[in-house]
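Before any comments, here is the structure.
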Amino acid sequence: MATIMMRVRQIAGIALYLGLANAQEASWRSPVNVLSRKGLVADQISTIWWFLFSTASLVFLVVITLLLIALFKKGQAVPKGPVQENSSVRPILYLGTGLTIIVLLITAVYTFISMRTLAAPSQKPALTFEIVGKQWWWDVRYEGESISANELHIPSGEPVHFSLHSDNVIHSFWLPDLAGKRDLIPGHPNSLWLQADEPGTYRGSCAEFCGVQHGKMNFTVIAEPRAAFETWLEHARAEANAAVSEEARVGQAIFMQQGCAGCHSIRGTAAQGEIGPELTHLSSRLTLAAANIPNTTGHLAAWIVDSQSIKPGNRMPSQKLSGEDLQFLLSYLMELN
Ligand code: HEC
Ligand SMILES: [Cu+2]
């Protein structure tokens, strides 16, 4: 009896947890839809998907119906001998072959036309972001400089171009709501364009197995009107704020001494590390650790001291810090807005 009660409580607990988690589901965790029509590219992909799916379904239905008719039809026994000798079968053979060729031709031509439309936007994109796939996060660069990590803004209603790179293994950039997947191949820059018709927060992930934390290599794209986007870009390219509070100043010194600066860069300071994400405007980002945990003080503290339980095997060792030093460090990082 006691164990049953325990199980009931456990299940209720899980249900409650899931309910709460669901209620708190942030926009960067909203479900994705590969058949959405939220942008020019997505629209094309969706149309061709539905076209191929309906054609295949129709063919399937026709074939199965004919098969069932043949199975259950009462009639004369099939004459012995090779099929060609039975002249009544010949037209059916011609019809079947002809129809198959026609269907394959139509789908092939339609696919080629769609691929051509998808190859390049009619209006040349005014913007290019460089995306570098890392293990296991995304470096966002603009005009040769890292300006963000795992998160970027784009203007809505216009095509945006992405230049895709990797300096380690193959990754794949995938924003299901806006475009198809595109590989990031070491030594072979790749290219992708997409357009978000409406402002919104879009979720992306790595779509090519790239090591132990591949499953936690996500990112967020925020589409917004041109003016808001430009404000963001200007801010993202600016150097970091100078530490204001006394705690933040102490925290900055700890950041430089602790070895954080050897792996992370903060533009406008001595921190120039290139192994981890740049942190210049860290506190203005929505998430941490490649869109896996929300960017709150609590999660940030947990990440710094215990990154290896949040993302086991990731390239940032859990940091040994006294509680006091951690507080100073947090004050500094939270000021990086
Ligand atoms: C050996 C290199 C290394 C050191 C030392 C290091 N980090 Fe990291 N850090 C990384 C890497 C790599 C990541 C990305 C991990 C991932 O998401 O897979 C990261 C991620 C982070 C993030 C999340 C950034 C984001 O936008 O997702 C923060 C914040 C951070 N580190 C802070 C610190 C602080 C503070 C210290 C010093 C106490 C520190 N790191 C020391 C390599 C390092
Ligand atoms: Cu990857």
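The values are calculated or read from the model by the stated rules, or taken from the named source; none is laboratory data. Note that the structure is a prediction, hence the values are computed from the model and not measured. Positions of Cβ are backbone-derived with ideal geometry, glycine not excepted, and every protein chain shown enters the neighbour counts. Areas reflect the complete protein model, heavy atoms only, side chains present, ligands, DNA and RNA absent. Shrake-Rupley method; radii C 1.70, N 1.55, O 1.52, S 1.80 Å.
Arrange the peptides 140-151, 299-310 so that the one whose residues have, on average, the most other Cβ atoms within 10 Å appears first.
Per-residue mean Cβ counts within 10 Å order the peptides as 140-151, 299-310.
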(request) Please list, in chain and number order, the residues 5+ apart from Leu184 or on another chain whose amide H is under 5 Å from its amide H, with Hs placed from the backbone. (result) His171, Ser172, Phe173
(request) May I have the convex hull volume per residue, in Å³, for the Cα set of the range 165-206? (result) 66
(request) Based solely on C-alpha atoms, express the radius of gyration and the Dmax of the range 28-181 in angstrom. (result) 24.9, 79
(request) Hey, can you grab everything whose amide H is under 5 Å from the amide H of Phe219? Only 5+ residues off in sequence or another chain; H modelled, so Pro and N-termini drop out. (result) Gly204, Ser205
(request) Putting +1 on Lys and Arg Cβ atoms and -1 on Asp and Glu Cβ atoms, find which of Phe173, Gln44, Leu61 reaches farthest to the positive end of the dipole of the chain. (result) Leu61
(request) For the chain, report the translational diffusion coefficient in µm²/s to the nearest whole number, using Stokes-Einstein at 4 °C, 1.567 mPa s, and a Kirkwood Rh over Cα pairs. (result) 54
(message) Cut-off under 20 Å on the C-alpha distance; same-chain residues fewer than 8 positions from Lys320 excluded. Which lysines are left, in chain and number order?
(response) Lys311
(message) Nothing charged except the Cβ atoms of Lys and Arg (+1) and of Asp and Glu (-1): what's the magnitude of the dipole of the chain about its Cα centre? Round to the nearest 20 debye.
(response) 1840
(message) Under the rule of at least 5 residues apart or a separate chain, name every residue whose amide H is placed under 5 Å from the amide H of Ala196.
(response) Gly157, Glu158
(request) Read phi for every residue in the range 49-64 and hand back ³J(HN,Hα) as whole Hz from Karplus 6.51 cos²θ - 1.76 cosθ + 1.60, θ = phi - 60°, with x for Gly and Pro. (result) 4, 5, 4, 5, 5, 5, 4, 4, 5, 4, 4, 4, 4, 4, 4, 5
(message) Could you work out what % of the accessible surface of the chain is carbon and sulfur, using a 1.4 angstrom probe and leaving DNA, RNA and ligands out of the count?
(response) 64
(message) Could you check the spin-label model distance between Arg37 and Ser122? Points 7 Å from the Cα along Cα→Cβ, value in nm.
(response) 1.6
(request) Among Leu40, Leu104, Leu66, determine the one that fluctuates most according to a GNM of the chain built with springs between C-alpha atoms less than 10 Å apart. (result) Leu66
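Tally the DSSP beta bridges in the range 113-177 and give the antiparallel ones as a percent, rounded to 5.
55
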(message) Multiplying the sequence separation of Val244 and Thr47 by 0.36 nm and subtracting their Cα-Cα distance, what value in nm do you get?
(response) 65.6 nm
(message) So if I take the centroid of the Cα atoms in the range 26-63 and the same for the range 304-322, what is the distance between those two points in Å?
(response) 40
(message) To check you understand DSSP bridge types, tell me what percent of the beta bridges within the chain (both residues inside) are antiparallel, rounded to 5.
(response) 70
(request) Mind pulling the angle between the C-alpha long axis of helix 226-237 and the longest principal axis of the chain? Nearest 10 degrees, somewhere in 0 to 90. (result) 50
(request) For the chain, set up a Gaussian network in which alpha carbons nearer than 10 Å are linked by springs, and say which option among Val62, Val244, Val160 fluctuates the most. (result) Val62
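Starting from the Cα gyration tensor of the range 40-119, multiply each eigenvalue by 5, take the square root, and state the resulting semi-axes largest first in whole Å. Could you put the intermediate results ahead of the total?
Numbers: eigenvalues 283, 47, 7 Å².
Working through the eigenvalues yields semi-axes of 38, 15, 6 Å.
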(request) Please give the helix 2-23 orientation as an angle from the longest Cα principal axis of the chain, in degrees from 0 to 90, rounded to the nearest 10. (result) 90
(message) What three numbers, in Å, describe the spread of the alpha carbons of the range 246-335 along their principal axes, ordered from the longest?
(response) 31, 27, 23
